[in-house]
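Colleague: Here it is: the structure, laid out below.
Computed from the coordinates by the stated procedures, all read-outs in this text should not be read as laboratory data. Note that the structure is predicted; figures quoted are calculated from it, not measured. Positions of Cβ are generated from backbone atoms using ideal geometry, with glycine treated the same way; all protein chains shown enter the neighbour counts.
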Amino acid sequence: MSNPRMQGPQMGRGPMGKGPAGKGDMPKARKGTLPRIIKLLMEDYKWPFLLAMLFMAIYSIGNISPSIFIEKISSIILRFVEAKDWDAAKAELVPVMIVMVTILVSTIVLNYFYARLMAIITQGFLDKMRKRMFNAMQALPIKYFDAHGHGDIMSHYTNDIDTLRQLVSQSLPRIFQSGIMLVGMLGIMLWFSMNLMAVVLVGVFGMTFAVKHIGGKSASNFIRQQKSIGKLEGYVEEIMNGQKVVKVFCHEEASQADFDKVNAQLCEDATKATRFANILGPVMNNIGNMLYVIIAVAGAAFITLRTPNASLNGLFSGSFGSVLELSVVISFLGIAKQFTGQVNGIAQQFNSIVMALAGADRIFQLMDEAPEADEGYVTLVNAEEQPDGSLREADHRTGVWAWRHPHKADGTVTFERLRGDVRLFDVDFSYVEGKKVLEDVTLWAKPGQKIAFVGATGAGKTTITNLINRFYDLEDGKIRYDGINITKIKKPDLRRSLGVVLQDVNLFTGTVMDNIRYGKLDATDEECVKAAKLANAHDFITRLPQGYDTMLTANGANLSQGQRQLISIARAAVADPPVMILDEATSSIDTRTEALVQKGMDALMKDRTVFVIAHRLSTVRNSDAIMVLDHGRIIERGSHTDLIAQKGTYYKLYTGAFELE
Ligand SMILES: Nc1ncnc2c1ncn2[C@@H]1O[C@H](COP(=O)(O)OP(=O)(O)O)[C@@H](O)[C@H]1O
Ligand SMILES: [Mg+2]
């Protein structure tokens, strides 16, 4: 046997996307989300990020320096305008101007490098986050995908990642910048005049009040808006996938109405969100403007009320006993404007931060979801036979596979040849607690045997194969593979030894050849063609426009259902595993082609253990044993002739109205 391989991932169609925001009405990010983002950012881009922040810090300081220069320049101008001495003024002004222009130009240059660096950091970080998320997603058990809408999961990659981009590239640096500027300006104000600073702080207090009341409302509406976007995306995706069904059932109007509902909700939430957000800006702005006037008046009052040698002088002076000059008041006007501007800037980030944290939290929830557990320690290895008939592990491809079974008790390692002997003992299973889907299922498949499952839709046929695959864990009972309890076998190794043709065919974007090669990544073109011939897919493939190089998109929408099934059979065939599971593999293939496929499949099934589920009883006739399932129980078993002789359910199916042919 040459390199058996795992079949592609199962990708069922999910229910309508539930939106990204989760179940609660107003989900809040868990504690520790922001530190976690920063920790990951530091892991990935510690030095570049710190360097960017250093640039940002210098840039911020450069940004507040004009207020100092304005004070200097206005003080010079005020002095010399009175004296009408332009030459003296020029002599003092020029050096100050040169320093100021130098600082401003260098902050522009610095900002350029900052922007470039930050773009690299942000995009790189998002790239890594997406990878982390995708890795985590692939490790999830099938159960997770049963319970979560696809739109839901998709929105982590779109909406949530986008809010994270906003956070890393804008909100965090902006807050850092504003923080530095605020501290710097506080220092300058303290230096110039404590009294005027007190006036500014009172104004800022008013602004924080406004942010708390308006901003808080606005944040919850932004989260609602995010949720509605997710819902809308999920709905559009669902209707897009179901276009044919929508059309056949003339459901266009109804789905339009449903869409309008979802769309109206989004419109309402977005309107509310932006309404509050739009109020916040002007309110803050006007508080800033008022402050401007108040400072001008207060400054003028402080200066004019000052009387030489009066005891109240301390109150109206500048800081540290200096005299409050008009130039200081002028520069304060600028500082106050900038100060309130920065407070406003931080307030504007408030919404994006709340949204980003909620988004990041959803991403982390996916990443924290328990991955599919694998407690297995028995592995599949290449083996070679010793002269005495025993097996030994080989480091090269031998064509003989063995289970490497370490025994904890005595530390020995035994090798068991991979034969494909599968036995189920008293297996019980339920997807949902309390609703048994399988009960007391016991059956044997000796190497090379063909076992068929027959039964009504929903009887539990696919479920049995899901358990052999270990997509789900048993509730009770045991499955042994070559005598080894399958829970001891590492899942990838177990799945590699099984060739599965799932009931729902999934083809991936790529050529026909790529899709067949999915069964065994290192298969040569010849091997793929051989497998296609075996599956009787070769004929139709060569008739495709580009033959094996024909591109398949959207799950093979350009093929017929039967053709897609043939490709998936070829895909399993190229893997060449000892055990095959064929779940309704030929249900959409016409009887004539099926007879041909059957011939190929007989070759495919030769020397393999095969579990076959089929509607057409002609397909299962020649099985070694046929299991008739009813509501999760095996009610009849035996060969075709035995069962016909029993004149039970199988007999009725075979002869009666249930017959499909
Ligand atoms: N992922 C799932 N979650 C919950 N119930 C499921 C799931 N898959 C199948 N079932 C239920 O298990 C029962 C058996 O399904 P299945 O094994 O797919 O039947 P079939 O014999 O048609 O292949 C059905 O009643 C079905 O509703
Ligand atoms: Mg089924």
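Colleague: What number, in percent, do you get for the relative contact order of the chain if the mean sequence gap of Cα pairs under 8 Å and at least 6 apart is divided by its residue count? All intermediate terms of the calculation are to be shown ahead of the outcome.
Modeller: Numbers: 1042 pairs, mean separation 111.8, N = 661.
Reported as a whole number, the value is 17 percent.
Colleague: A follow-up question, please. Could you give log10 I(q)/I(0) at q = 0.09, 0.14, 0.16 Å⁻¹ for the range 422-655, computed by the Debye formula over C-alpha point scatterers of equal weight, without solvent?
Modeller: With no solvent term, the Cα-only Debye profile gives -0.38, -0.90, -1.14.
Colleague: Give the order of ARG79, ARG543 when sorted by the count of other beta carbons within 10 angstrom, beginning with the fewest. Mind showing how you got there, number by number?
Modeller: Details: ARG79 15, ARG543 9.
Fewest to most other Cβ atoms nearby, the residues stand as ARG543, ARG79.
Colleague: What lysines sit close enough to LYS652 to cross-link, taking a C-alpha to C-alpha distance under 21 Å and skipping anything fewer than 8 places away on the same chain?
Modeller: LYS461
Colleague: Compute for the range 456-514: radius of gyration divided by Kirkwood radius, i.e. Rg/Rh, restricted to C-alpha atoms, rounded to two decimals. Write out the running numbers ahead of the final one.
Modeller: Numbers: Rg = 14.1 Å, Rh = 13.5 Å.
Taking Rh as the inverse mean 1/r over Cα pairs, Rg/Rh reads 1.05.
Colleague: Mean shadow of the range 18-171, computed from the convex hull of its alpha carbons, in nm²? Spell out each step's value before the answer.
Modeller: Numbers: hull surface 53.8 nm².
That works out to 13.4 nm², a quarter of the Cα hull's surface.
Colleague: Next question, about the same structure. Once both axes come from the Cα atoms, what is the angle between helix 172-192 and the longest principal axis of the chain, in degrees from 0 to 90, rounded to 10?
Modeller: 20 degrees
Colleague: Could you tell me how many cubic angstrom of Cα convex hull volume the chain has per residue?
Modeller: Looking at the chain, the number lands at 247 Å³ per residue.
Colleague: For LYS652 and TYR144, what is the calculated FRET efficiency with R₀ set at 56 Å and r taken between the beta-carbons, to the nearest 0.05? Present the calculation step by step, with values, prior to reporting the outcome.
Modeller: Values: r = 40 Å, r/R0 = 0.72.
With a Förster radius of 56 Å, E is 0.90.
Colleague: Additional query: Once you have the Cα-Cα distance between THR102 and ASP476, take 0.36 nm times their residue separation minus that, and quote the gain in nm to one decimal. The partial results should precede the final answer.
Modeller: On the way: separation 374, 0.36 × 374 = 134.64 nm, distance 7.81 nm.
Going from the current span to full extension adds 126.8 nm.
Colleague: Let me ask you something else. Consider just the alpha-carbon atoms of the range 398-465 and return their Rg together with their Dmax, both in angstrom.
Modeller: Spelled out, the Cα radius of gyration and Dmax of the range 398-465 are 16.7, 48 Å.
Colleague: If you place +1 on the Cβ of every Lys and Arg and -1 on the Cβ of every Asp and Glu, how big does the dipole about the Cα centre of the chain come out, in debye to the nearest 20?
Modeller: Values: 72 positive and 68 negative charges, 219 e Å.
Roughly 1060 debye for the chain.
Colleague: What are the residues whose amide H is under 5 Å from the amide H of VAL437, where those residues sit 5 or more places off or on another chain and H is modelled from the backbone?
Modeller: Answer set, sorted by chain and number: PHE429, SER430, TYR431.
Colleague: Equivalent-ellipsoid semi-axes (√(5λ), Cα gyration tensor) for the range 33-368, whole Å, largest first? Display every interim value, and only then the final one.
Modeller: Numbers: eigenvalues 551, 113, 55 Å².
Sorted largest first and rounded, they come to 52, 24, 17 Å.
Colleague: With N residues in the range 93-136, what two-decimal value do you get for its Cα radius of gyration over 2.2 N^0.38 Å? List each step's numbers first, then the result.
Modeller: Values: Rg = 18.9 Å, N = 44, 2.2 N^0.38 = 9.3 Å.
Against the empirical 2.2 N^0.38 Å value, I get 2.04 for the range 93-136.
Colleague: Quick check on the chain: helices-only [θ] at 222 nm, where DSSP H runs of length 4 and up contribute -39,500 (n - 2.57) each and the sum goes over total residues. Nearest 500, please. Could you put the intermediate results ahead of the total?
Modeller: Values: 22 runs with 376 residues, N = 661.
Theoretical 222 nm ellipticity from helices: -19000 deg cm²/dmol.
Colleague: Determine the alpha carbon to alpha carbon distance for each of LYS143/LYS227; LYS520/LYS606; LYS408/LYS478; LYS39/LYS212; LYS491/LYS530 and list only those over 26 Å.
Modeller: With Cα atoms farther than 26 Å apart: LYS39/LYS212; LYS491/LYS530.
Colleague: Expected output is a single nm value to one decimal: the length gained when fully extending between LEU110 and THR591, i.e. 0.36 nm times separation in residues minus the C-alpha distance. What is it?
Modeller: Numbers: separation 481, 0.36 × 481 = 173.16 nm, distance 7.34 nm.
Extra length available between LEU110 and THR591 comes to 165.8 nm.
Colleague: May I pose another question? To check you understand DSSP bridge types, tell me what percent of the beta bridges within the range 422-655 (both residues inside) are antiparallel, rounded to 5. Display every interim value, and only then the final one.
Modeller: Values: 19 of 37 bridges.
Counting DSSP beta bridges with both partners in the range 422-655, the antiparallel share is about 50 percent.
Colleague: Show the residues, 5+ positions off or on another chain, whose built amide H is closer than 5 Å to the amide H of VAL378.
Modeller: Under 5 Å from the amide H of VAL378 lie the amide H atoms of ILE489, LYS490, each far enough along the sequence or on another chain.
Colleague: Take the Cβ-Cβ distance between ALA456 and CYS267 as r, set R0 to 51 Å, and report the resulting FRET efficiency rounded to the nearest 0.05.
Modeller: Approximately 0.65, to the nearest 0.05.
Colleague: OK, next. Considering only DSSP beta bridges where both residues belong to the chain, give the percentage that are antiparallel (nearest 5). Don't skip to the end; give the middle numbers.
Modeller: Values: 31 of 50 bridges.
Antiparallel: roughly 60 percent of the beta bridges in the chain.
Colleague: Something else about it: Sort PHE145, PHE453 by Cβ crowding within 10 Å, fewest neighbours at the top.
Modeller: Numbers: PHE145 17, PHE453 23.
Ordered from fewest to most neighbouring Cβ atoms within 10 Å, PHE145, PHE453 come out as PHE145, PHE453.
Colleague: Points 7 angstrom from Cα along the Cβ direction at GLN386 and ILE635: gap in nanometres?
Modeller: Computed distance between label sites GLN386 and ILE635 equals 5.2 nm.
Colleague: Suppose R0 equals 56 Å; then what is the FRET efficiency for THR553 and LYS31 from their Cβ-Cβ distance, rounded to the nearest 0.05?
Modeller: On the way: r = 44 Å, r/R0 = 0.79.
It comes to 0.80.
Colleague: Can you list residues from other chains, or at least 5 along the same chain, whose modelled amide H is less than 5 Å from the amide H of VAL500?
Modeller: GLN7, ILE581
Colleague: Still on this structure, please answer the following. Just for the Cα atoms in the range 331-377, what are the lengths along the principal axes, largest first, rounded to whole Å?
Modeller: Reported extents, whole Å, longest axis first: 74, 17, 5.
Colleague: Among the lysines, which fall within straight-line cross-link reach of LYS72, defined as a Cα-Cα distance under 16 Å, with same-chain neighbours fewer than 8 residues apart omitted?
Modeller: The reachable lysines, counting only those whose Cα sits under 16 Å from LYS72, are LYS90.
Colleague: Give me VAL168, VAL99, VAL262 sorted ascending by neighbouring Cβ count inside 10 Å, so fewest comes first. It would help to have the intermediate numbers written out before the result.
Modeller: Values: VAL168 24, VAL99 13, VAL262 19.
Listing VAL168, VAL99, VAL262 from fewest to most nearby Cβ atoms yields VAL99, VAL262, VAL168.
Colleague: Debye calculation, C-alpha points only, no solvent: report log10 I(q)/I(0) for the range 147-252 at q = 0.23 Å⁻¹, in the same order as the q values.
Modeller: -1.22
Colleague: Compute the distance in nm between two label points, each set 7 Å from the Cα along the Cα-to-Cβ direction, one at MET290 and one at ALA254.
Modeller: 5.6 nm
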